[in-house]
Structure formats: structure tokens, C-alpha cells
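Student: Starting off with a structure, shown below.
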Amino acid sequence: MTTYDFHSAETRDQPFALFHQMRDHDPVYLTDFGYWYVSRYDDVTRLLRDTRLTSGQGVPDSFGLTEGPLRDIMDTWMMALDGPAHTKSRGLVSRAFTPRAVESLRAPVKALAQELVGALGARGEGDIIDALAFPLPMEVTRMLFGVERALWDREITALFDRGSASVDYVEAMTVLAEFLSDYIPAHRATAGTDLFTALSSPDADGNVLSDLEQVANAVLLVTAGFETTMSLITNAVRTLLLHPDQVELLRADQSLVRSAVDEALRFEPAALFTTRFATEQIEVAGGVIPAGSNVMFSSIAANRDPARYPDPDRFDITRTDIRPVTFGGGVHVCIGASLARMEAEVAIATLFGELPGLRLADPVCHTFQGANPSVRRPETLRVTIDR
Ligand code: HEM
């Protein structure tokens, strides 16, 4: 059987050949780090909904976190729960992610995108991550929590700001958890945002999150929400700029922005994997995953499965029926998917609508970040605006 080097710099930068080979030849594969990889689209979408698989520990495992206060938080947030405990946390928090709540953010997100894109246009050049992809979701996350801007910038933005070279995520999440542990109890009586209310107030049946659950889910919402969305925006801009024919199509018909975002989620997935735990033996793709195994679902492999998408390595914003597995699936499917899509749609429409002279300053933008192993985006994305 082939051995795959999942952790080399080459795989990080150019993962597609490896995942194509794995999906074609080893569609269920035991890795040297003890996880079983499942990579065919049909298997992934089916098993994400299979109740013999419970929540996974992919995030703490990817950081090597086995104990301590941060691990306690990761064991308490909804992503780590199953059954009624998961239903309770998810039901309470999802009150802040109704279509109406997401739509109410569109106008402020548009205003912010215009401000950021306007500043980039005035400078005539810059890094898309610093100029747009980082500040936009960071500000949306601040708005969700209703934290005063100067305090948020000092305590949270600074933690994740790429200006300080590479971010130590374990350190950043620890400080974030400490901040939220103080902030939430001190503000829940007065804070007026939907998210704060959803985290801290009981539902009609009297269900309510404990103090630890409130902090744990708040940490999840910040970390799951901003970096993935930042990566989606970055990947979408990069992929479009590498495909000028697709930019032309988008400029000619702006309603294509929705499928452009979906196609970017498929083609360059911002989240690289989703994980589960097999409580029973699972037969899949001619192999057997033993009971008690950790299972990983590859977005890169599944999203480019030729059995699901014709000509999968072609970036085509006019594709129909794009359903990437980038947001996971089943009961744990990303709670913020429509918010992330809306942010990316607004960012892309504004950027390409307002800067016709936008182009890559460095067409070789192929070095991808490795500080957060579950997320994919280039380290930098420098652009120039021709006048
Ligand atoms: C492009 C942006 C995003 C991507 C790619 C992404 C991806 C994911 C993935 C793969 C999962 C796990 C799904 C599963 O296990 O089946 C997930 C779960 C989750 N995401 Fe996102 N996410 C994004 C944006 C957001 C945003 C904006 C928020 C909220 C502000 C958010 C909050 C969550 C939460 C709370 C969960 C846990 C859901 C549960 O366990 O029931 N995500 N996301």
C-alpha cells in the first residue's frame, strides 16, 4: 500500500495530486497519525450523517492538546458533543443564526467591505488578507458579540493579527478563552446582541447553557467563524484572479457571485477536514474501519471527486448543483455557513465590482499557511490595481 506524506510542505502547498491518488487507490486509508481517511464524495456525505459515528476530536488532536483548560473547553463546545447535549447547545446558539439574523448583517457587512475595498483602491496595491479577508470577518465577529471596538482590537484582533508573523493558535485560543470567561458573565445582563442573548438566555423549555458551556461555545464561534471565513475570502479572490476568464463571467453577470463562492469552497476548501469517532465497525469503500477509530473526511479529495463533479480540477463558477463538503454535514454541519457565504459574497462582489484593474502582484502565490493545520489559505496574497 502507498504511504502518503500528509505533513510535508509540498503537500501543504500542492495537496491535490496526493488526495486524488488516495481517493482513487486508497479510498479508506489508515494514516500514520492513527486517523482513518475517507475520501470519496458519496462515502463522505453518507458517513457524515451516519449515527454510528459520533463527534470527532480533530481540532484538539490537530493541535496535540490532550489535557488542560483549553482541552476542557474543546470537550465542552457543541462540536464535541452528541445526542441531547449537542441538541441543547446547538438549539440555543442557533437562535442567533436564523436567515433573518444573517440577513440583518448584510448592510453593515456591505458598508465595511466598501470601506476596506475603497482604502485598498486608494493605496493601489496591498495584501488581500490584510486589506479585506482578515478585517472583515474579524469585525463581523466583534459585531456578533457586541464588544466595544477598542477593547476587541486590543484583546482579540491583536491575538490573531497576521502582522505578528505566524500566530500560535494554542496560545491565542487560551488568551481568548480567558478574555471571554471574564467578559461574558460581566456583560450578559446588559449585552443586547442576538448572539449574546442566544448564549446566555434560556429557551422556552428552560434549557440554558452553563457558564463553561457559554465560554466554550463563544470560543468556538470566534475561532470557527473568523479564520475559516478569512480563508474562504482569500481563496476565492486568489482562485478568481488565477482564472481571468471566470472574473470576466462574474463581472458580466453579478448574480454568479453565489456560485463563485460555492465553487471556491469546492475548489479550494477553507476547512481541510471534518472528523468523527466510529462507535461501531464501519464498512466503507471495500475496507473496514474498526470500532473505536478516529475518522477524518477530506474536503480536498471529496470536493474534487470526478464521480460527483465532471472535470473536477476545472474552476467553473457556472457549475450548477455545487454542494461541497467544506462545511461538514449531518447534525454538526457548520452553524455559520450562511453567514460565511454572505460575507464572502459581499466581499467578492464589492472587490471585483469596484476595482476593475485588480490583478495579482505575485502570480506565484502558492505558499500556504501551516500554523493552523485544519485551515487552507495562502500565507499572503499581494495584489496591484491598474488604473
Ligand atoms: C468558510 C467558513 C467556514 C467553514 C469552511 C466552516 C467549516 C466548518 C466545519 C467543517 C464544521 C464541522 C462540521 C461537521 O463536523 O460536520 C463546522 C462547524 C461549526 N462551525 Fe463553521 N465554518 C465556517 C464558518 C463559520 C462561521 C462564520 C461560524 C459562526 C460564526 C461557524 C461556526 C461553527 C460552529 C458553531 C460549528 C459547530 C457545529 C456543531 O458541532 O453542531 N463556522 N464549521
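The values are calculated or read from the model by the stated rules, or taken from the named source; none is laboratory data. Because the structure is predicted, anything quoted here is derived from the model rather than measured. When we count neighbours, we look across all protein chains shown, and the Cβ atoms used for this are built from the backbone with ideal geometry, even at glycine. The accessibility values were calculated without ligands, DNA or RNA, using every heavy atom of the protein model including side chains. Shrake-Rupley method; radii C 1.70, N 1.55, O 1.52, S 1.80 Å.
Student: Excluding Ala344 itself, what net charge comes from residues whose Cβ is under 11 Å from its Cβ, given Lys and Arg +1 and Asp and Glu -1?
Tutor: Around Ala344, the surrounding residues sum to -1.
Student: For a Förster distance of 25 Å, can you work out the FRET efficiency between the beta-carbons of Glu67 and Asp13, rounded to the nearest 0.05?
Tutor: Efficiency for this residue pair is about 0.15.
Student: How many nm is it between the label spots at Val288 and Val364, if each spot is 7 Å from the Cα in line with the beta carbon?
Tutor: Modelled inter-label distance: 5.0 nm.
Student: If R₀ is 22 angstrom, what is the calculated FRET efficiency for the pair Thr31 and Asp168, using the beta carbon separation as r and rounding to 0.05?
Tutor: Between Thr31 and Asp168 the formula returns 0.35.
Student: From the phi angles alone, apply the Karplus equation (6.51, -1.76, 1.60; θ = phi - 60°) to the stretch 371-387 and give each ³J(HN,Hα) in whole Hz, x where the residue is Gly or Pro.
Tutor: Couplings: 5, 10, x, 9, 10, 10, 6, x, 5, 9, 8, 7, 10, 10, 10, 6, 9 Hz.
Student: Would you mind calculating the relative contact order of the stretch 138-226 from Cα pairs under 8 angstrom and at least 6 residues apart, reporting the percent as a whole number?
Tutor: 34
Student: In addition: As a check on your grasp of the helix formula, calculate [θ] at 222 nm for the chain: sum -39500 (n - 2.57) over DSSP H runs of n ≥ 4, divide by the residue count, round to the nearest 500.
Tutor: When only DSSP H runs of four or more count, the value is -14500 deg cm²/dmol.
Student: Tell me, how many Å apart are the Cα centres for the stretch 261-295 and for the stretch 41-95?
Tutor: Value for the Cα centre distance between the two parts: 13 Å.
Student: Show me, for the stretch 299-305, the HN-Hα J-couplings you get by feeding each phi into the Karplus relation (A = 6.51, B = -1.76, C = 1.60, θ = phi - 60°), rounded to Hz, glycine and proline as x.
Tutor: Going residue by residue, I get 5, 4, 5, 5, 5, 10, 6 Hz, with x marking Gly and Pro.
Student: On to the next question. What does the C-alpha gyration tensor say about the overall shape of the stretch 1-134? Classify as rounded when a/c is under 1.5, otherwise prolate if a/b is larger than b/c, or oblate.
Tutor: Oblate, because a/c is 1.5 or more while a/b does not exceed b/c.
Student: Once you place label points 7 Å from the Cα toward the Cβ at Leu249 and Thr197, how far apart are they in nm?
Tutor: 4.2
Student: Would you mind getting me the FRET efficiency between Arg154 and Ala111? Use the beta-carbon distance for r and R0 = 25 Å, nearest 0.05.
Tutor: Efficiency, rounded to the nearest 0.05: 0.60.
Student: Tell me, what HN-Hα J-couplings in whole Hz come from the Karplus equation 6.51 cos²θ - 1.76 cosθ + 1.60 at θ = phi - 60° for each residue of the stretch 354-365, using x for Gly and Pro?
Tutor: Whole-Hz 3J(HN,Hα) from phi for the stretch 354-365: 9, 10, x, x, 5, 8, 5, 7, 10, x, 9, 8.
Student: Let me ask another. Is the C-alpha gyration tensor of the stretch 288-340 telling us rounded, prolate or oblate? Criteria: a/c under 1.5 is rounded; beyond that, a/b larger than b/c is prolate, otherwise oblate.
Tutor: oblate
Student: Which whole-number value in Å² is the accessible area per residue of the chain, probe 1.4 Å?
Tutor: Solvent-accessible surface per residue comes out at 42 Å².
Student: Something else about it: Determine the relative contact order of the stretch 9-385: mean sequence separation of Cα pairs under 8 Å and six or more apart, normalised by residue count, in whole percent.
Tutor: This gives 29 percent for the stretch 9-385.
Student: Quick one: grab the alpha carbon gyration tensor of the stretch 317-387, order the square roots of its eigenvalues as a ≥ b ≥ c, and give me rounded if a/c is under 1.5, else prolate or oblate depending on whether a/b is larger than b/c.
Tutor: oblate
Student: Continuing with this model, one more query. Provide the gained length on full extension for the span Ala119 to Gln281, in nm with one decimal, where the gain is 0.36 nm per separating residue minus the Cα-Cα distance.
Tutor: Between Ala119 and Gln281, full extension yields an extra 52.8 nm.
Student: Please check: in the Gaussian network model of the chain (C-alpha springs, under 10 Å), which one of Val288, Val333, Val38 has the largest mean-square fluctuation.
Tutor: Comparing Val288, Val333, Val38 in a Gaussian network model of the chain, the most mobile one is Val288.
Student: Right, another one. What's the carbon and sulfur percent of the stretch 9-385's accessible surface, probe 1.4 angstrom, rounded to a whole number?
Tutor: That share works out to 53 percent.
Student: Let me ask something additional. Beyond 33 Å, what percent of the Cα pairs of the chain remain?
Tutor: Counting every Cα pair in the chain, those more than 33 Å apart make up 30 percent.
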